[in-house]
1. Quick check on the stretch 98-172: take the gyration tensor over C-alpha atoms, sort the square-rooted eigenvalues as a ≥ b ≥ c, and tell me if it's rounded (a/c under 1.5), prolate or oblate.
2. Place a +1 charge on the Cβ of each Lys and Arg in the stretch 140-193 and a -1 charge on the Cβ of each Asp and Glu, then give the dipole magnitude about the Cα centre in debye, rounded to the nearest 20.
3. Given the options N173, N101, N164, which has the most mean-square fluctuation in a GNM of the chain, springs set between C-alpha atoms less than 10 angstrom apart?
4. Extension gain M1-D60, at 0.36 nm per residue separation less the Cα-Cα distance, in nm?
5. Set the Förster radius R0 to 45 Å, insert the Cβ-Cβ distance between L172 and L15 as r into 1/(1 + (r/R0)^6), and round the FRET efficiency to 0.05.
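A short reminder: the numbers here are calculations on the coordinates, not readings from a lab. Not measured: the values here are computed from a predicted model. Neighbour counts are summed over all protein chains in view; Cβ atoms, including those assigned to glycine, are modelled from backbone coordinates with ideal geometry.
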Amino acid sequence: MIEILVTLFILAIGLLGVVYLQFVGSFTNSESLNRSQSVLVAQQMSERLRASAAFSVTGDGLVVDNEYFDTDIYNFQNLSCTTGAQPYVCFCQTRPATIPNCNDNICSTSELAQFDAYELSCAAVITNPDVIISLTCEDNDTTDTQSCSVGSKHIVTLSWPVENWQNINRTLNAKCNVNQTNPHDCVSVDITL
């Protein structure tokens, strides 16, 4: 009888180890999924910026429409949800009427910026509803009318909140935590057109 109890005790300790590994694995998989999806969205945004760029009238090079730098067009800021559902369910399963349909119609550059921001916001929140997407510019010529002049660096950033796990503090990337009260992780891609 004692041998059976010792065997059960050893088996229970082994099973606890397996359960712990499953928990750690699921936590790590979630982090990996957030990062992988964000990398894909950042790459897609850089490709859309290159595709929508036009020759500048004030310099030799390409620029994108100023509408791309309007923060209200990202993360569904210009839309409202009456059901209180998750962003993907509320905004992405059916395209809102206020978003231009550039797949079936010819759009202006401003409408294309709105459409791209909407589609990229949907792609960002499909796996993590807390992802925030932003596009900023380090403008090298603030005297012209372009939000991001020829040769300036465009910065695509996707960030999401993270939690410390098992009282182990994360090493936070300062770039991901500007103006944040809670710890965030992020993916950032720099583009010069």
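1. Because a/c hits 1.5 or more and a/b fails to exceed b/c, the stretch 98-172 counts as oblate.
2. On the way: 3 positive and 5 negative charges, 33 e Å.
Using only the charged Cβ atoms, the result is roughly 160 debye.
3. Fluctuation is largest for N164.
4. On the way: separation 59, 0.36 × 59 = 21.24 nm, distance 8.66 nm.
Between M1 and D60, full extension yields an extra 12.6 nm.
5. 0.80
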